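A short write-up of the structure that comes next.
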Amino acid sequence: MSGDRGSPGVGRDASGYAAALAGLPGMGPALLVSILRRWTPEEAWRRVCDGSIPRPGKRGSAGQAAAGQAAAGQIAWEPEGVPAARGAKRPWSALASRIDPPGWWPRFAAAGIGVTWPGDPFYPAALVEDPQPPGVLFWRGSLDSLRRPCVAIVGTRRATPDGRAVAYEMARDLADAGICVVSGLALGIDGAAHSGALSATGGPQPSGGTGGDGTGAAPGVTVGVAASGVDVPYPRQHGALWERVARAGAVVSENLPGRPAQAWRFPSRNRLIAGLARMVVVVESHFHGGSLITAEAAIARGIDVRVVPGPVRSPASAGSNQLLYDGPGPVRDAQDVLDGLGIYRSGGAGLPGRGAGGGRAGGGTAAGRPEMLSPAERTVIEALGWRSTTLGEIAERTSLGLAAAMRALDELSARGLVEQHGAWWARRRSG
């Protein structure tokens, strides 16, 4: 990957200085951007060392968190064995005098971690004019992924099986269409979106480019925006997913390598998800979900926001349905997203999951034809609709009783028409 324009290189001397500036306690994105727009990373570091750029006196929540780490001797870039005065707010010049950025950074570069900043050629174009751009951005993978049209798919960690299925299918089909899917690497909708994009078998390259095999096809790509360092998977159970995302696209973060996620970093992370995207799609969100912060950040930036409608009685869709009511339009699948972006596939072929009339495609096997189903099976599958449902709800809707409803579900499952996810049952979509 070292030959890619958007892949980290080991020989970029300024990288260590930019990373060290980002690690200074109390250094926020706005201050860092203003510094790096005025001076090169090396010159800015020299000014920090000689006291020309002093540590700011006022500390917000981010500064307090970083200062607390410094007081406990936990700053990741501080050399081992350097004592920290517990509770003291040391000047930046005192901290910087004990740090050797050129000697400290290469071990991260050798691990495939890159860093970019405003004015650097690697810096994502979508963030150049952002009202709240990152001062530095760390990444693993290739930032070339962000040269594609990007769509963010976000939603609740406590997603329903249906919500996860919709996010997975939408991301898969968008990736097949050449879109880069952006999300936050979290459980639930985020993880389903990344996994869906990774499952794509290929799609057209944007702007007439070619894939790695010299053809017009390219694998589906996805970019994950993290709240922790790009080498600290969070949540831990997504460690394998992080590696796959980094290989197929990129994992990016404002947080230094080696740093864990902190609560205040998640809302900050969400603004970057919005800033990288041409459209933000909310699949499911509770009333106070973080995905609503992403949607608000997108709206503030003039970025299109769309919502997948959810059941009116589902808590997982309470926030997204409210957002839909407040104004952003609905989307059902990837074709709706592409239509909203004004991107049309060559030949006019529809995406999987659309029938000739624009609805969902039905079952394609003889066993799935309505005339081959028993009356109880037809009743159950009609009661299911296209939303995940519990056995108790099915029994109540059909008046079959639990035992008869369960027998019908077992038969439908054997025919491949329904599937079970824990306590939830759902129709299996074709395609």
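The values are calculated or read from the model by the stated rules, or taken from the named source; none is laboratory data. This structure is a prediction, so every number in the text was calculated from the model and none was measured. As a convention, Cβ positions derive from the backbone with ideal geometry for all residues, glycine included, and neighbour counts pool all protein chains shown.
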ask   = Among the residues of the range 366-386, is any modelled with pLDDT under 85, in contact with a strand residue (DSSP E or B) (Cβ under 6 Å, 6 or more places away or on another chain), closer than 30 Å to residue 413 by Cα and assigned to a helix (DSSP H, G or I)?
value = yes
message = Of all residues being touching a residue at least 40 places away in the same chain (Cβ under 8 Å) and over 14 Å from the mean Cα position of the chain (by Cα) in the range 285-296, which is surrounded by the most Cβ atoms within 10 Å (Cβ to Cβ)? Just the residue, please.
response = 285
ask   = Mind checking which residues of the range 128-149 are in a helix (DSSP H, G or I) and surrounded by fewer than 19 Cβ atoms within 10 Å (Cβ to Cβ)?
value = 144, 147
task = Tell me, yes or no, whether the range 84-96 has at least one residue that is surrounded by 13 or more Cβ atoms within 10 Å (Cβ to Cβ), among the aliphatic types (A, V, I, L, M), modelled with pLDDT of 50 or more and not in a helix (DSSP H, G or I).
result = no
Members of the range 389-431 that are part of a helix (DSSP H, G or I), surrounded by 15 or more Cβ atoms within 10 Å (Cβ to Cβ) and not acidic (Asp, Glu) = 391, 394, 395, 397, 398, 404, 405, 406, 407, 408, 409, 412
key: Subset tally (residues that are of a type in the set (Gly, Ala, Ser) and either touching a Gly at 6+ places or on another chain (Cβ under 8 Å) or modelled with pLDDT under 75 (or both)) for the range 17-39   = 4
Residues within the range 399-431 that are under 19 Å from residue 162 (Cβ atoms), polar (S, T, N, Q) and without any contact (Cβ under 8 Å) to a residue 40 or more places away in the chain, tallied = 2
